[in-house]
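In what follows, a structure is listed as structure tokens, so that the remarks can point back to it.
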Amino acid sequence: MTGNTYGKKVLFSGMQATGTITLGNYLGALKNWVTLSDEYECFYCVVDLHSITIRQDPAKLRQSARNLLMLYIAAGLDPKKNCIYYQSHVSGHAELAWILNCYTYMGELQRMTQFKDKSAKHAENINAGLFTYPVLLAADILLFQADVVPVGKDQLQHLEITRDIAQRFNAIYGDVFTIPEVHMGKIGAKIMSLQEPMKKMSKSDENANATIYLTDDGDTILRKFKRAVTDSEGCIRYSREQPGIKNLLDIYCACTDQTPEGAVAEFEGRGYGELKQAVAESVMGIFRPVQEEFLRLSKDKAYIDGIIKENGEKADYFARKTLRKVQKKVGFPERIR
Ligand code: TRP
């Protein structure tokens, strides 16, 4: 471990401040974050700098960033113990990203699958920020000397490049950065679309029935599950050949802390309709307390503002420490005090 003084190991993660959190984000990330928050010194960032690599409506971005920050707290992350903050409030992210840009090769960035996907999707706006997105992400992590980064499979390539950049920098300047490890969630709760169960559940799905949002009410959740695509086998098994049923079972297991075998036994001889009903109820069961807390927090502006200020300053303090070290290593003149 290099140069941290927190005692516990450091964890960093973040989510994009766009749109509304999905059941997939919740089960795949947020729920896991809460479990990890006792063991690690955690920095949970609302990555709004990353969001503008795609054109955003300013008012909507501001609102969804605030909603996301409140959802982190509503989901159970204690903002006194976890540093929950906006990336844009800590200028060290952008400053370190610039430096790391100069230690990252065009070829490396050209190979990133997320860049290829996003530039295909937004052909009219292939901006330089989209290209250097992974460098900013590396800066996020390295700025806090993070030991572990909980992310989903789709972010593994980003973690790889982060480690490569850190190792390259360390090879030149000595032990400046901690080399972060990936932390994968337990049963890799990858939640799939309810309409096309071979595809990941996504915030931006055009089919409104494909995605469950953390803000959906009970009726909406039930209706979406009732319409979930299954198959004509009529038998509940946990198998790749029944992706729709498997996804429902995965959701059920993640919400009730069950094993797939246990769930299959529970539903033996029962129909798809009953399974869907039970899955919907399990989801409502875990969403309800989060939604209630979210509602309460959204009415307490002063409290949230206080959290934003305090945690922003705390993050800035740690960020500055790394940044000063890096600036010195690369040869920037010392500040006169
Ligand atoms: N790119 C990540 C995503 O879309 C979000 C992110 C930005 C992130 N910086 C990070 C995740 C640093 C982990 C660590 O999900």
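When the C-alpha to C-alpha distance is required to be over 28 Å, the pairs from K31/K60; K200/K309; K200/K314; K8/K314; K8/K199; K9/K301 that qualify are K200/K309; K200/K314; K8/K199; K9/K301. Look at where the Cα atoms of the stretch 99-171 and of the stretch 290-325 average out, and the two centres are 25 Å apart. Once the Kirkwood radius over Cα pairs is known for the stretch 218-295, the Stokes-Einstein relation at 4 °C and 1.567 mPa s delivers a diffusion coefficient of 101 µm²/s.
Please rank Y173, Y317, fewest neighbouring Cβ atoms within 10 Å first, as an exposure proxy. Write out the running numbers ahead of the final one.
Details: Y173 16, Y317 12.
Least to most surrounded, the residues fall as Y317, Y173.
The stretch 1-138 has equivalent-ellipsoid semi-axes of 26, 20, 14 Å, by the square roots of 5 times the alpha carbon gyration tensor eigenvalues, sorted largest first. With contacts taken as Cα pairs under 8 Å and at least 6 residues apart, the stretch 218-295 reaches a relative contact order of 36 percent. Cβ crowding within 10 Å, taken as a proxy for footprinting-reagent exposure, orders S232, S119, S282 from fewest neighbours to most as S232, S119, S282.
The residues D48, D217, when put in order of fewest to most other Cβ atoms within 10 Å, stand as D217, D48. Cα centroids of the stretch 187-251 and the stretch 75-95: 32 Å apart. Legend: helices of the chain (whole DSSP H runs) are marked when their alpha-carbon atoms reach 27 angstrom or more along the helix axis and their mean Kyte-Doolittle hydropathy is at least -0.5; marked are 272-298. Across the alpha-carbon set of the chain, the Rg to Rh ratio works out to 0.99, Rh being the Kirkwood radius.
Rg and Dmax, both from the Cα atoms of the stretch 149-278 and both in Å, are 19.3, 64.
Give the relative contact order (percent, whole number) for the stretch 89-193; include only Cα pairs under 8 Å separated by 6+ residues. Present the calculation step by step, with values, prior to reporting the outcome.
Values: 107 pairs, mean separation 30.1, N = 105.
It rounds to 29 percent for the stretch 89-193.
Here, each number is a calculation from the coordinates, and none is a lab measurement. As the structure is a prediction and not an experimental result, all values here were calculated from the model. FYI the Cβ positions are ideal-geometry reconstructions off the backbone, even for glycines, and counts take in every protein chain you see.
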